[in-house]
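**Student:** Here's a structure for you.
The values are calculated or read from the model by the stated rules, or taken from the named source; none is laboratory data. Please read these numbers as outputs of a predicted model, since none were measured by experiment. Virtual Cβ from ideal backbone geometry, glycine too; neighbours counted across all protein chains shown. In case anyone asks, the SASA skips ligands and DNA or RNA and just uses the protein heavy atoms, side chains included. Shrake-Rupley method; radii C 1.70, N 1.55, O 1.52, S 1.80 Å.
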Amino acid sequence: MTTHSMNETTILTGGRRLLRYALRLDAVVTGVNGLAYLALAGPLHDLLGLGTGTGRAIGAFLLLYAAAVWIVSLPVEPRRLAVSAVIETNLLWVVLSLVAVVTGWLSLTTVGSVWAILQAATVGGFAALQFAARRRA
């Protein structure tokens, strides 16, 4: 019986640790991305076709979102509802990125479209990792 409890505790602790790691990785990558959108709005306009105002707005959003995700990761056991909100927001980002590419919504260049798809895949990966870690925790 003791062995079972120790294994169960190890699994739960490992799941929580993985969840916090997944959230923090998301926050760091999102924050760096946000800083890039803010600092490089002009060059990114030329490369991606993203308007400088839109790029700066996305950058500001990403920085705020990164801070929120980091805050969600702080407790030893992140709040389930907050983690769900992060996962759902990530999935919304994936959908909106794909809609932007398919509809031409942001008038992205070919490079911009590829970047949006790669970003969507990365964010989708974060959502999947966070979902799996939350289930494990």
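**Student:** If the requirement is being among the hydrophobic types (A, V, I, L, M, F, W, C) and open to solvent by less than 50 Å² (accessible area, probe 1.4 Å), which of these qualifies: 28, 86? Talk me through it step by step, then tell me what you get.
**Tutor:** Details: 28 fails: open to solvent by less than 50 Å² (accessible area, probe 1.4 Å).
Within the list 28, 86, the selection yields 86.
**Student:** Sticking with this one: Going through the range 110-137 one residue at a time, which ones are surrounded by 15 or more Cβ atoms within 10 Å (Cβ to Cβ) and polar (S, T, N, Q)?
**Tutor:** 113, 119, 122, 130 - these are the residues of the range 110-137 that are surrounded by 15 or more Cβ atoms within 10 Å (Cβ to Cβ) and polar (S, T, N, Q).
**Student:** List, please: which pairs have Cβ atoms under 7 Å, are six or more places apart or on different chains, and start with a residue in the range 101-125 that is within 24 Å of residue 25 (Cβ to Cβ) and end with one that is assigned to a loop (DSSP other than H, G, I, E, B)?
**Tutor:** Listed pairs, sorted by first residue: 116/108.
**Student:** So which residues in the range 39-62 are open to solvent by 60 Å² or more (accessible area, probe 1.4 Å), in contact with a helix residue (DSSP H, G or I) (Cβ under 7 Å, 6 or more places away or on another chain) and of a type in the set (A, V, I, L, M)?
**Tutor:** If the condition is that a residue be open to solvent by 60 Å² or more (accessible area, probe 1.4 Å), in contact with a helix residue (DSSP H, G or I) (Cβ under 7 Å, 6 or more places away or on another chain) and of a type in the set (A, V, I, L, M), then 47 is the only one that fits.
**Student:** For the range 108-137, which positions are at pLDDT 95 or above and assigned to a loop (DSSP other than H, G, I, E, B)?
**Tutor:** 108, 109
**Student:** Identify, by number, the condition in (1) within 15 Å of residue 93 (Cβ to Cβ); (2) surrounded by 17 or more Cβ atoms within 10 Å (Cβ to Cβ) that residue 78 doesn't meet.
**Tutor:** Result: residue 78 fails condition (1) only.
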